[in-house]
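First up is the structure itself, then whatever we jot down about it.
The values are calculated or read from the model by the stated rules, or taken from the named source; none is laboratory data. In this text, all values refer to a predicted model and were calculated from it rather than measured experimentally. As a convention, Cβ positions derive from the backbone with ideal geometry for all residues, glycine included, and neighbour counts pool all protein chains shown.
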Amino acid sequence: MTVMILVDMSASLDFGTRGRLKRESAAEVAAVLAYAAIKSNDKVGLILFTDRVEKFIPAKKGRGHVYRVIQEILTFTPQHPKTQVRVPLEYLIRVMNRRSICFLISDFVDEGYDRALAVAKRRHDMVCIQLFDPAEGAFPKAGWIQWRDPETGDLEWVNSSRAGFQKKYRELSEKILARPQKTFQSMGVDSVLIDQSKDYIQPLLQFFRFREKRQ
């Protein structure tokens, strides 16, 4: 089997509570998957991305190769802050001819990747691992602040302590979190939702046990 690991390295992952950033969780999850692959004697490849592919390591076997993959995941410094999830998917479609199992790790704070994900699913066994931090759903009560509405783009002064603003922020955060899961379900793409403030091993184990039973 060939295992490809696609890891989001964009700036939106530089957020976290309880001593761990989403970026660190993404790296740890990817490293666990790479180590599991070597235990099964699988080939392992890596794509690190932002709004472009920043690093590609072709799939190979061998303990030394997998250790190189893990080292890249843990130490790589991205050159660009933005993210476009469709970019690594389109790259994957171009460079991988043989059917592989592909783990796409991101917070999926992005849109416009549906078509690329649908094509990738037809060619590969896709698993999307979505990271989130519960603190993203709560905005500090900081009084009057300048706020850019993410839906309209308008810049305005708002009272962040008011109940109306707090409610609107919670609803928007819930919408952003739920959107990728709805996309995955509508396409029949396997997914794992990981609260990065907690232990991520249990959700991964539950997912693989579910897949094992299904197969």
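Return the only residue of LEU48, LEU33 being modelled with pLDDT of 90 or more, surrounded by 15 or more Cβ atoms within 10 Å (Cβ to Cβ), closer than 20 Å to TYR200 by Cβ and in contact with a Lys or Arg (Cβ under 9 Å, 6 or more places away or on another chain). Walk me through how you get there before you give the answer.
Details: LEU33 fails: in contact with a Lys or Arg (Cβ under 9 Å, 6 or more places away or on another chain).
Exactly one residue qualifies, and that residue is LEU48.
So that you can scan it fast, the table gives a plain yes or no per residue for (1) farther than 26 Å from THR183 by Cα; (2) in contact (Cβ under 8 Å) with a residue 12 or more places away in the chain; (3) within 13 Å of the chain's Cα centre (by Cα):
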site: GLU54; (1), (2), (3): no, yes, no
site: PRO58; (1), (2), (3): yes, yes, no
site: ARG63; (1), (2), (3): yes, yes, no
site: ARG86; (1), (2), (3): no, yes, yes
site: ARG98; (1), (2), (3): no, yes, no
site: PHE103; (1), (2), (3): no, yes, yes
site: GLY112; (1), (2), (3): no, yes, no
site: ARG115; (1), (2), (3): no, yes, no
site: VAL127; (1), (2), (3): no, yes, yes
**Q.** the range 1-26, residues that are touching a helix residue (DSSP H, G or I) at 6+ places or on another chain (Cβ under 8 Å) and crowded, with 22+ Cβ neighbours inside 10 Å
**A.** VAL3, MET4, ILE5, LEU6, VAL7, ASP8, MET9, LEU13, LYS22, ARG23, ALA26
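Residue-wise test of (1) under 30 Å from ALA163 (Cβ atoms); (2) of a type outside the set (A, V, I, L, M, F, W, C).
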| residue | (1), (2) |
| --- | --- |
| ILE73 | no, no |
| LYS82 | no, yes |
| ASN97 | no, yes |
| ALA138 | yes, no |
Q. Do we find that TYR35 is touching a residue at least 12 places away in the same chain (Cβ under 8 Å), in a helix (DSSP H, G or I), among the hydroxyl-bearing types (Ser, Thr, Tyr) and within 24 Å of VAL119 (Cα to Cα) in this structure?
A. no
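Conditions (1) more than 25 Å from ALA30 (Cα to Cα); (2) without any contact (Cβ under 8 Å) to a residue 24 or more places away in the chain, marked per residue:
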{"residue": "GLU136", "(1), (2)": "no, no"}
{"residue": "VAL158", "(1), (2)": "yes, yes"}
{"residue": "ILE194", "(1), (2)": "no, no"}
{"residue": "PHE208", "(1), (2)": "no, yes"}
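Go over the candidates THR83, THR77 one by one and state the one that is hydroxyl-bearing (Ser, Thr, Tyr), touching a strand residue (DSSP E or B) at 6+ places or on another chain (Cβ under 8 Å), modelled with pLDDT under 95 and part of a loop (DSSP other than H, G, I, E, B). Can you show your working first?
Numbers: THR77 fails: touching a strand residue (DSSP E or B) at 6+ places or on another chain (Cβ under 8 Å).
After applying the criteria, what remains is THR83.
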Q) THR75 versus (1) surrounded by 12 or more Cβ atoms within 10 Å (Cβ to Cβ); (2) polar (S, T, N, Q); (3) over 17 Å from the mean Cα position of the chain (by Cα): which is the lone unmet condition? A) (1)
**Q.** Residues located in the range 51-74, provided they are assigned to a helix (DSSP H, G or I) and either at pLDDT 95 or above or of a type in the set (A, V, I, L, M, F, W, C) (or both)
**A.** VAL66, VAL69, ILE70, ILE73, LEU74
Q.
Within the range 113-125, does at least one residue satisfy the condition of being hydroxyl-bearing (Ser, Thr, Tyr) and modelled with pLDDT of 90 or more?
A. yes
Q. Among the residues of the range 135-147, is there at least one that is acidic (Asp, Glu) and either surrounded by fewer than 18 Cβ atoms within 10 Å (Cβ to Cβ) or modelled with pLDDT of 90 or more (or both)?
A. no
